[in-house]
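Here is the structure we will look at, set down as structure tokens.
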């Protein structure tokens, strides 16, 4: 880090600045609320950073607006015709009361069929779909953990899936274990990969320090 402030203000917006040995300026706007972070060479002072950010303010504001205005899905009633997501694809739900062992099947590219016991109420239907989401993650996560452990230079951590209200994932470095949000089965596969790497990097750096973000920038520069 240079002696310059790690946070600069540009047009009333705080921008976190990380200085490291790179040639180009990297600017990111991060969910959920549009946190702004810039990685730059140590040779660029705060004024140069401000000028660079100002030149991209239109883009930054557009990204922040999109993040902050994203609709939050209300609790589903688990009835025919509702919209549900799986791996970022949108489906219309059809509930089939056949008690089938296979909880979920797909009809074409637009319909998700949920198989439940006759008379199943909303809670039973929710649990049935959640169990399928969990199975999907339990197939995807081990592949990501195994692929990234040697890249990061860490042992493969233990992992588990659970419901979380405020986090996509969490890590207990002392236990070498990560937890991942069940909701990730609804998001793009790239989101799951990012969260897996994010939590595994905490095995190298416990807190969200400058070193943590530098490591993330190194392993996932995109």
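Computed from the coordinates by the stated procedures, all read-outs in this text should not be read as laboratory data. All figures in this text were calculated on a predicted structure; none of them were measured in a lab. Don't worry about glycine lacking a Cβ; one is built from the backbone with ideal geometry, like all the others, and counts go over all protein chains shown.
All alpha carbon pair distances within segment 7-68 were sorted into 10 Å bins beginning at 0; the resulting P(r) in whole percents reads 23, 57, 19, 1. Each helix, a run of at least 4 DSSP H residues, gives -39500 (n - 2.57); summed and divided by the residues of the chain, these come to -11000 deg cm²/dmol at 222 nm.
In percent, rounded to a whole number, the relative contact order of segment 7-68 is 33, using alpha-carbon pairs under 8 Å and six or more apart. Distance distribution P(r), the chain, all Cα-Cα pairs, bin width 5 angstrom from 0: 1, 6, 12, 14, 14, 13, 12, 10, 7, 4, 3, 2, 1, 0 percent. In terms of other Cβ atoms within 10 Å, 198, 208 run from fewest to most in the order 208, 198. Which of 74, 109, 83 moves most in a GNM of the chain, Cα contacts under 10 Å? Sorting by GNM fluctuation, first place goes to 74.
When each of 220, 200, 78 is scored by the number of other beta-carbon atoms lying within 10 Å, the sequence from fewest to most is 220, 78, 200. Normalised by the residues of the chain, what does the relative contact order come to in percent, with Cα pairs under 8 Å and at least six apart? It comes to 12 percent, rounded to a whole number. Counting only DSSP beta bridges whose two residues both lie in segment 81-222, roughly 50 percent are antiparallel.
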